[in-house]
1. What's the number of the only condition in (1) free of Cβ contacts under 8 Å to residues at least 24 places away in the same chain; (2) in contact with a strand residue (DSSP E or B) (Cβ under 9 Å, 6 or more places away or on another chain) that residue 180 fails to meet?
2. Within the stretch 218-226, can one find any residue that is touching a strand residue (DSSP E or B) at 6+ places or on another chain (Cβ under 7 Å), outside the structural domain of residue 120 (by TED's automatic domain parsing) and part of a helix (DSSP H, G or I)?
3. Scan the stretch 137-157 for residues that are free of Cβ contacts under 8 Å to residues at least 40 places away in the same chain and more than 30 Å from residue 78 (Cβ to Cβ) and jot them down.
4. Of the residues that sit in the stretch 20-32 and are out of contact with any strand residue (DSSP E or B) (no Cβ under 8 Å at 6 or more places or on another chain) and in a loop (DSSP other than H, G, I, E, B), which one is surrounded by the most Cβ atoms within 10 Å (Cβ to Cβ)?
5. Based on this model, can you work out whether residue 222 counts as under 25 Å from residue 47 (Cα atoms), free of Cβ contacts under 8 Å to residues at least 40 places away in the same chain and surrounded by 15 or more Cβ atoms within 10 Å (Cβ to Cβ)?
6. List every residue pair whose Cβ atoms sit under 7 Å apart, with the two residues 6 or more apart in sequence or on different chains, where the first one lies in the stretch 112-126 and is farther than 15 Å from residue 222 by Cα and the second, anywhere, is in a helix (DSSP H, G or I).
7. Suppose we filter 190, 128 for residues that are surrounded by 12 or more Cβ atoms within 10 Å (Cβ to Cβ) and touching a helix residue (DSSP H, G or I) at 6+ places or on another chain (Cβ under 6 Å); which single one remains?
8. Any residue that is under 23 Å from the mean Cα position of the chain (by Cα) and either assigned by TED's automatic domain parsing to the domain that holds residue 25 or at pLDDT 90 or above (or both) - is there at least one of those in the stretch 169-176?
């Protein structure tokens, strides 16, 4: 899958059509049929795209505004199902508008246009399982050998025999499979448990190394998705 979508609608025909279109692009779907429950999910779960049917009424228009203030979903791709009269009333504009009456072919065309944005947001949170050596430099005094568990654009997790102090600033050194580049990234210990595991957040990544890491993660995402969707992904700038 290349992301998760939340569909906020209670029209069975629309829900079925949207679900089919999303799954065609390897996007997992969760359905919510009322606004209060959707508001809770938006503030507690991460979605790469959120589709809201304004026909739900009530506080549904404010739901789109809330998305932009959500810690996890402020950058997600938003869609609103609405007719032309509703469009003029929206205070917060979605990324894409799905006009009514619902047309699945048109929805697939919009999703194809939005795929690059969806994948970009997915990559920010994507954690790739990985087992490679990592050296963690503490206060430039000693290098502690660890084993990477996973890596994302924003950090990594390791197994270690050392108890790190959360908040400690360190330097990491590692290489990625099939990539000759050596990564040297300043990081901060986010957490360390009693099972020999620790999580690190990247504090400062050079622009060159960030591009290399993003490209490597994008390749890993592409390897996981069906070939028809991968072809679309390769065409996205």
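1. With (1) free of Cβ contacts under 8 Å to residues at least 24 places away in the same chain; (2) in contact with a strand residue (DSSP E or B) (Cβ under 9 Å, 6 or more places away or on another chain) applied to residue 180, the lone miss is (2).
2. There is at least one residue in the stretch 218-226 that is touching a strand residue (DSSP E or B) at 6+ places or on another chain (Cβ under 7 Å), outside the structural domain of residue 120 (by TED's automatic domain parsing) and part of a helix (DSSP H, G or I).
3. Matches in the stretch 137-157: 137, 138, 139, 140, 141, 142, 143, 144, 145, 147, 148.
4. Applying the filter and picking the extreme gives 25.
5. Yes: the conditions hold for residue 222.
6. Short answer, once both residue conditions are applied: 112/232.
7. Testing whether each residue is surrounded by 12 or more Cβ atoms within 10 Å (Cβ to Cβ) and touching a helix residue (DSSP H, G or I) at 6+ places or on another chain (Cβ under 6 Å) leaves just 128.
8. yes
The values are calculated or read from the model by the stated rules, or taken from the named source; none is laboratory data. Because the structure is a prediction, the values reported are computed rather than measured. Because the Cβ atoms are built from the backbone with ideal geometry, glycine has one as well, and the counts that use them run over all protein chains shown.
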